[in-house]
Every structure is written in structure tokens, then in C-alpha cells.
Amino acid sequence: METTATTVNLKTEALKNGAIWGIVNIVIFLVTWYVMPSLMSSYWYAGFSAIVGIALAVFFCMDLRKKAGGYWSFAEALWPIFAMFLTSMAIVFLFTILFGKFIDTTYPTTMIEMSIAKTEETYKSMGMDEETTQKAMESVTESFEKQFSPTFSQAIVGFGIAAVMYFIGALIFTLIFKRNNPNPWGHPVDENPQPL
């Protein structure tokens, strides 16, 4: 495969892909919230979101590699991929906080209640006794409150933790999608040399 020089700005393309990815996640969130909010705390919704996220990550990583000319080293691939992941996460993170504070103020309370109920149901299905369940639920409730109705400092900490997790994800995708150029000097190989 012959590589071609590219003038595409990968940083810009990464931010663009990340923004599209974030908007798709927001659309899924809004459709689910307004059509069937009870799914928001379900394993089905979490699984569906994960599948869509992985599919989009694969598609956009392949898109970036193509725009890079078909080949990029680990170092060349890592930062565009991480920028794309971080942009997507930041858009969704900020949107959900603003959504709960200004657009639909019932969102945080409803999500906390549904998540607590789902977790308690899971604990009971595992055979945990009432006392152990109640102790576990105290910690879980506090965690859900920080997640769905965070203070400013909690939001900053949450964003930082999410950024670290997404960086680890970017490392994994970089290892998968890096492709070293087998002909780094750019001289085409003549497969049919003429005899002297």
C-alpha cells in the first residue's frame, strides 16, 4: 500500500469526531429519558450505550488513521485518539450536569431513586441479608448523589477520574489501531525491475 502525504490537521479532526460522538450520546440519552426513562438505570441501557460507544470509537479511530495517511506510530496516534475520547466525554459530562440543573431538574432525583432501587434489588437477588444491604446502600446512596447531583468540587474530581479512565481507554485503542509504515522512507518499491 502506497502512502500519501496528508495535510489534514489530526487535532482538528479528533476534536470534530469527539464532538460528533458526544452529540450521538446526548441524542441517545435524551430519546431514552423522554421516551422510556425507566430504562436509564437498566443493564440494557448500559449495555446498549457501551456497544454504541465501542462501535463509534472503532469507526472514528479508523477514520483518523485513514486521514493520517493510513499509517501512524503509537506516539502519533495516542494524542489524537485521547483528544477525541476526552472531547466526547467532556461534552456528555457537562451536558448531563447542565441538563439536571437547568433543563429538567427532576433528572438527578429520579436517577438517584431508580439507581438506588436497582442496586438494592441486585443486592437482595444475591442473597444479602437486610442489615448488610442497608449498610451497603448508605455508601451507594452517597455515591449516586455525587454522580447525579455533584457539587462543583465533586464535579471537578469526577471529571478528573473520568479523564484518567478515558486515557486508559485511549491507550488500549492506540495499541489496537497503530499501524507502522513498512516503507518509512517513502521510496516506492519497484516490484517489476527492468533487466539490465
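Things to note:
- Near SER73, once Lys and Arg are set to +1 and Asp and Glu to -1 for all other residues with Cβ below 12 Å from its Cβ, the sum equals +2.
- Cut-off 13 Å between beta-carbons: net charge of the residues surrounding PHE60, Lys and Arg +1, Asp and Glu -1: +2
- Calculated from backbone phi, Karplus (6.51, -1.76, 1.60) coupling profile of the range 32-45 in Hz, x at Gly/Pro: 5, 5, 8, 9, 8, x, 4, 6, 4, 9, 8, 5, 4, 5
- Nearby lysines by direct alpha-carbon distance to LYS124 (threshold 21 angstrom, same-chain neighbours under 8 apart not counted): LYS135
- Principal axis dimensions, the range 10-177 - Cα atoms, whole angstrom, descending: 59, 35, 31
- Sequence-distant contacts, meaning Cα pairs under 8 Å at least 6 residues apart, place the relative contact order of the range 10-177 at 33 percent.
- Listed pairs LYS16/LYS146; LYS118/LYS146; LYS11/LYS66 exceeding 24 Å between Cα atoms: LYS16/LYS146
- Packing around the peptides 78-85, 126-133, taken as the average count of other Cβ atoms within 10 Å per residue, puts them in this order, highest first: 78-85, 126-133.
Readers should treat all values here as calculations from the given coordinates under stated rules, not as data from a laboratory. Here the structure is a predicted model, which is why all the values come from computation and not from measurement. Note that each Cβ is placed from the backbone with ideal geometry, even for glycine, and that neighbours are counted across all protein chains shown.
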